[in-house]
Amino acid sequence: MATLSTLAQGEGTDARRAMAGFIASCRFEADRIDAASCALIAPERFGTMRFVRPSLDAPPAFAPGSNDPEDAPAQLDDAALAYWKAMVEAASREGGRSLILLPAMRDVLALSHLFDPDDSRLVAQLPGLPMNLAITRFLSKPDAIWLSASAWEGVSLPHAIAHVIIPRFPIRPQTFEDSVLQRYLAQATGGERAGRAAVFGRRLAEARRRSRQGIGRGIRAHDDSVTIWIGDPRWPLNQHEADTLLLDQPRPWSGAMLNAVPGRFRKIAGSAPRFQIGPDPQDT
């Protein structure tokens, strides 16, 4: 039987509680199960998720003016950073710890600057702060706010995370390898468009996989419950919104990002409430 993740990082967690459903289903005697042998088996089948989507006028991460600003050292837009900060604070007011997953260290640095440096809730995982110390600080406060560009995977903290916030999709910049592949495909097909589409498709698939891993940080036990907050305005519209508001999808590929959500939660994610910090554009 494959073990997908252990409770090793969940210091202070009751291992038997995390495995209670599995133990009961197998009709084991719980008091005879060594806690050291407990693990989380297929956690994606358990737990509950709710979602909060970005508002219809949520600001993009970068100011308009570049076809692919994620490939350039563009400065993050102040309005986007303010929106992300408001989303983090709204999640924190609901109670529990918040894990904010950011695609790059510059995002961590820029967003951390909006918080009071004396805010005891904040754990900004900047260079020099190892993962184990970041986890220790995160677990030390019941309302901790952890900003990280490296906790998308490999972090298993049952019952510790109430909110996972993804301000923008983790679409990585184009690499030299991508450029070589794009040129090769352009030569092979006789067109630049096919090469660009194939390379971006690969980057998008990686972003979906990373987002799926990040969303999964919130359910690490059979009875975990988490709220997933999405701040990226490229998150897809549902069909009712598109038809009622006469809007197009924010990006032709945006609908594919819904596949980052576990299948049983996609309907919930597609019709979740939107996070507003100003007048609702649907009311205008």
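The values are calculated or read from the model by the stated rules, or taken from the named source; none is laboratory data. Treat the numbers as computed from the prediction; the structure is a model and nothing was measured. Using ideal geometry, Cβ is built from the backbone for each residue, glycine included, and neighbour counts are taken over all protein chains shown.
Summary table
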item: Residues that are under 14 Å from the mean Cα position of the chain (by Cα), within 21 Å of K267 (Cβ to Cβ) and in a helix (DSSP H, G or I), drawn from segment 191-248; result: R208, S211, R212, G214, I215, G216, G218
item: Residue check, A186 surrounded by 13 or more Cβ atoms within 10 Å (Cβ to Cβ), out of contact with any Phe, Trp or Tyr (no Cβ under 9 Å at 6 or more places or on another chain) and small (G, A, S); result: yes
item: Test: residue in segment 238-254 that is closer than 25 Å to I161 by Cα and out of contact with any helix residue (DSSP H, G or I) (no Cβ under 8 Å at 6 or more places or on another chain); result: no
item: Segment 34-85, subset modelled with pLDDT under 65, more than 30 Å from R266 (Cα to Cα) and assigned to a loop (DSSP other than H, G, I, E, B), residue farthest from the chain's Cα centre (by Cα); result: G65
item: Single residue of V199, V226 found to be crowded, with 16+ Cβ neighbours inside 10 Å, more than 27 Å from L81 (Cβ to Cβ), of a type in the set (V, I, T) and out of contact with any Cys (no Cβ under 7 Å at 6 or more places or on another chain); result: V199
item: Enumeration of residues in segment 254-276 that are touching a strand residue (DSSP E or B) at 6+ places or on another chain (Cβ under 8 Å) and among the charged types (D, E, K, R); result: R274
item: Yes/no for P158 being at pLDDT 90 or above, touching a Gly at 6+ places or on another chain (Cβ under 9 Å) and surrounded by 14 or more Cβ atoms within 10 Å (Cβ to Cβ); result: yes
item: Total residues in segment 96-148, condition touching a residue at least 40 places away in the same chain (Cβ under 8 Å) and within 27 Å of P173 (Cβ to Cβ); result: 15
item: Failed item in (1) surrounded by fewer than 21 Cβ atoms within 10 Å (Cβ to Cβ); (2) among the β-branched types (V, I, T); (3) at pLDDT 95 or above, with V180 passing the rest; result: (3)
